[in-house]
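Contents: one structure, followed by commentary.
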Amino acid sequence: MTTKARDRIKSGVLVGYFAALAASVAYGGGQTIARGVMTELASPLVASAIALAFGFLYVSVVFHRSVIQDLRVPNPRLVWFGLSGLASAWGVTFLFFGMSHAPVVVVAPMAAANPLITLLLARFLLQNLESITPRVILGVLLVVLGVCLVAFGNALS
């Protein structure tokens, strides 16, 4: 592999890390706003429906050219995209239900335990695309341990 190719890969990885950090900020801000909205204005179902509708509008307006082009993928792949969307919608709905009954500072970190689920599913569904090393497993376990400490820390003290 040439130095130029390695630099391009490193640059792509940095973009991925930045995007993950931006997603973290967006999700954290969105969860805090959603908690306030549900406390004052709406039920979790209504709040999740409105949040998902605004997300759909955002994607439609900002990425409409890419969406139209990408819809030309073979039908079996569209099924997987659909299942992914349904899983995300259920995730938002359950998150909002959780936040309507428990403090956001407990619910949000518990929902952030999703790397454990991701690790398990990647092991079985993405064997050819993802390499799961002992270092990755240790990182996921540390994240989940941190989530447990945050979520259940008050009960332990």
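The values are calculated or read from the model by the stated rules, or taken from the named source; none is laboratory data. This structure is a prediction, so every number in the text was calculated from the model and none was measured. Positions of Cβ are backbone-derived with ideal geometry, glycine not excepted, and every protein chain shown enters the neighbour counts.
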Problem set entry | Top-ranked residue in segment 26-46 [being farther than 16 Å from A108 by Cα and small (G, A, S); ranked as surrounded by the fewest Cβ atoms within 10 Å (Cβ to Cβ)] | S43
Exercise. All but one of (1) modelled with pLDDT under 80; (2) over 27 Å from V37 (Cβ atoms) hold for A113; which doesn't?
Worked result: (2)
Problem set entry | Count of residues meeting criterion [in contact (Cβ under 8 Å) with a residue 40 or more places away in the chain and of a type outside the set (V, I, T)] in segment 125-153 | 1
Seminar exercise, completed: Filter segment 87-117 for residues that are in contact (Cβ under 8 Å) with a residue 12 or more places away in the chain and among the hydroxyl-bearing types (S, T, Y); the one that is farthest from G153 (Cα to Cα) is T93
Exercise. Does S100 count as part of a helix (DSSP H, G or I), of a type outside the set (F, W, Y), over 18 Å from the mean Cα position of the chain (by Cα) and within 21 Å of V147 (Cα to Cα)?
Worked result: yes
Problem set entry | Enumeration of residues in segment 105-131 that are more than 21 Å from G30 (Cα to Cα) and either part of a loop (DSSP other than H, G, I, E, B) or among the basic types (K, R) (or both) | R123, L126, Q127, N128, L129, E130, S131
Exercise. Looking at R65, R72, R77, R35, which is the one that is outside any helix (DSSP H, G or I), of a type in the set (K, R) and at pLDDT below 85?
Worked result: R72
Problem set entry | Close pairs (9 angstrom Cβ cut-off, 6 or more residues apart or separate chains): under 21 Å from A112 (Cα atoms) and hydroxyl-bearing (S, T, Y) in segment 1-30, assigned to a helix (DSSP H, G or I) and at pLDDT below 80 anywhere | Y27/A108
